[in-house]
Amino acid sequence: MRRRTLLTGLTAGLLAVGSTDAFASGRRVLHVRPGDSVQAAVDAVSGVGWTIVVHPGTYREVVNVPADKAELTIRGASCDPRDAVIVHDNANGTKKPDGTTYGTAGSATFTSAAPGLTVRDLTLANDWLRADHPDITGTQAVAACTYGDRTHFENVRLLAHQDTLFVETTALTSFDRQYFHRCYIEGDVDFVFGRATAVFEDCHFHTLQRDVTFTPKGMVFAPSTARANPHGILAVRSRITSGAEDAAYKLARPWVPSYETTAWPSLVVRDTRIGPGIDPVTPYTNMREQYPWQTMRFREYRNSGPGAVITVPENRPQLTDEEAQLHTKAAYLGDWRPHA
């Protein structure tokens, strides 16, 4: 009954606002307004070519887009991603009703396995806070977990603390491609992580102030790229700012998961302004001593800003001009050409 009501009501809304262009382009549209559920709209979609428009408001729920919702677009009704917010507050160690815990991936506010997914003009957030849950040790709290080839995020805000954005793949042997353009991503520990082929272009990464006495307070990236994948995480023409003191954060550390010990993490940060919050002397660190960052595929190219100053060359491996040609959006995304 809920599905029928949703479809009926939202179709009426389409007629009221006028949707000639949407129908002319071959896309069918559902509208979600405060009091409605984004997940219910996702569940109502059948077949390809749908757009879900989320109107201004805060939607406190978990949203899961399964693999059979291919080529789906979920977008805010306005061009300001702050207007429509999808938020929840599960963490790795949060208990489910059956007494088990969610785990890192399961803590995500937004999860998608759908190929060809587009998300734009939205905020996806996980507002779980360590200080509110001192009894929970599994403090990873994901805003978005994305896996599925040709995932495109455009003008999206991703907000959390630890493990904000999990760029994952559908299988250990798949090299799913993801593209993030003009997105804002904030967090503290490993807040962009995973094994996907993920390109971040014109994005803004922001490290949060964290009430701890030790350093580093956190890391921006934690790739876990499969050894067979020539492309991991690429950040290009972006910027990294910080709400913490100078040099409090590292740029990255490699993640070699216990379930994939053959991983060979890959990260390239190029043509990016790196602010003073990143330690310029030793910008990389280890997650586990048996997997030193120096043995990983960590490279930089033509970065600028106080956090990009090369003071100890061996601590900041650089691409040559020739090598840089292999680390571009086109090289990473291949025959897929996402556009705004």
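The values are calculated or read from the model by the stated rules, or taken from the named source; none is laboratory data. These numbers come from a predicted model, not from an experiment. With ideal geometry, Cβ positions are generated from the backbone for all residues, glycine too; neighbour counts draw on all protein chains shown.
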Those residues of the stretch 130-159 which are in a loop (DSSP other than H, G, I, E, B) and either at positive phi or surrounded by fewer than 24 Cβ atoms within 10 Å (Cβ to Cβ) (or both) amount to H133, P134, D135, I136, T137, G138, T139, G148, D149, R150, N155
If I go through the stretch 82-129 residue by residue, how many of them are charged (D, E, K, R) and either closer than 28 Å to L333 by Cα or in contact with a Phe, Trp or Tyr (Cβ under 7 Å, 6 or more places away or on another chain) (or both)?
4
Which of the residues belonging to the stretch 268-301 are charged (D, E, K, R), over 21 Å from the mean Cα position of the chain (by Cα) and surrounded by fewer than 18 Cβ atoms within 10 Å (Cβ to Cβ)?
R288, E289
Could you tell me which residue of the stretch 115-130 is farthest from R157 (Cα to Cα), considering only residues that are hydrophobic (A, V, I, L, M, F, W, C) and free of Cβ contacts under 8 Å to residues at least 60 places away in the same chain?
L129
Among (1) part of a loop (DSSP other than H, G, I, E, B); (2) closer than 24 Å to R302 by Cα, which single condition is T169 missing?
(2)
Being β-branched (V, I, T), farther than 22 Å from G57 by Cβ and out of contact with any strand residue (DSSP E or B) (no Cβ under 9 Å at 6 or more places or on another chain) narrows it down to one of T139, T146, T101, so name that one.
T139
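This table checks each residue for (1) assigned to a loop (DSSP other than H, G, I, E, B); (2) touching a residue at least 24 places away in the same chain (Cβ under 8 Å); (3) acidic (D, E).
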{"position": "V199", "(1), (2), (3)": "no, yes, no"}
{"position": "F205", "(1), (2), (3)": "no, yes, no"}
{"position": "T213", "(1), (2), (3)": "yes, no, no"}
{"position": "M219", "(1), (2), (3)": "no, yes, no"}
{"position": "R227", "(1), (2), (3)": "yes, yes, no"}
{"position": "T241", "(1), (2), (3)": "no, yes, no"}
{"position": "A244", "(1), (2), (3)": "yes, yes, no"}
Note on the stretch 160-178: residues β-branched (V, I, T), touching an Asp or Glu at 6+ places or on another chain (Cβ under 9 Å) and surrounded by fewer than 23 Cβ atoms within 10 Å (Cβ to Cβ) are T170
Can you confirm whether the stretch 307-320 contains a residue that is in contact with a Lys or Arg (Cβ under 9 Å, 6 or more places away or on another chain) and buried (at least 22 other Cβ atoms within 10 Å of the Cβ)?
yes
Can you spot a residue in the stretch 107-117 that is in contact with a strand residue (DSSP E or B) (Cβ under 9 Å, 6 or more places away or on another chain), of a type outside the set (F, W, Y), surrounded by fewer than 17 Cβ atoms within 10 Å (Cβ to Cβ) and in a strand (DSSP E or B)?
no
Residue check, T51 against (1) hydroxyl-bearing (S, T, Y); (2) at pLDDT below 95; (3) crowded, with 16+ Cβ neighbours inside 10 Å, all met but one. Which one?
(2)
Please tell me if D80 is outside any helix (DSSP H, G or I) and under 23 Å from T170 (Cβ atoms).
no
Looking at W255 and the list (1) over 12 Å from D190 (Cβ atoms); (2) surrounded by fewer than 24 Cβ atoms within 10 Å (Cβ to Cβ), which single condition is not satisfied?
(1)
Report yes if A77 is crowded, with 16+ Cβ neighbours inside 10 Å, among the hydrophobic types (A, V, I, L, M, F, W, C) and more than 25 Å from A196 (Cα to Cα), otherwise no.
yes
